[in-house]
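The structure appears right after this line, and notes come after that.
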Amino acid sequence: IDLPVAVAVASSYHNRPVAADLVIMGEIGLSGELRTVGQIGRRLAEASRLGFKRCILPKSLAKSEAGAHAGMEIIGVRTLAQALDLALTPSNS
């Protein structure tokens, strides 16, 4: 849960909300790189069932999960900085 917590803290600090349709999954390494999490398929299926439309997760997982969950956009990122930039940027939808 490292990445979701980091995004929540940054969201509060910058007073910029995270989109309600965005789910975030991943662990953060010591140098800011993102690491995989277990049972990603089950996590994405549950997030989709709950109505999330987009997911930020480690790039290493994005390729394997792309297209596996209909209606959910999978966004792969390599670093914490990339994840924060995407999560705290207002979407056009």
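The values are calculated or read from the model by the stated rules, or taken from the named source; none is laboratory data. Everything numeric in this text was worked out from a predicted model, so none of it was measured. Glycine also receives a Cβ, built like all others from the backbone with ideal geometry; neighbour counts cover every protein chain displayed. Each accessible area value is taken on the protein alone, full model and side chains, heavy atoms only, with ligands, DNA and RNA left out. Shrake-Rupley method; radii C 1.70, N 1.55, O 1.52, S 1.80 Å.
Of note:
- Filtering the stretch 3-43 to residues that are assigned to a helix (DSSP H, G or I) and within 19 Å of Q82 (Cβ to Cβ) leaves L3, P4, V5, A6, V7, A8, V9, A10, S11, Y13, H14, I40.
- Count - residues of the stretch 1-47 that are open to solvent by 40 Å² or more (accessible area, probe 1.4 Å) and either touching a helix residue (DSSP H, G or I) at 6+ places or on another chain (Cβ under 7 Å) or not charged (D, E, K, R) (or both): 20
- Any hit, the stretch 72-89, residues being open to solvent by less than 90 Å² (accessible area, probe 1.4 Å), modelled with pLDDT under 90, among the small types (G, A, S) and not in a helix (DSSP H, G or I): no
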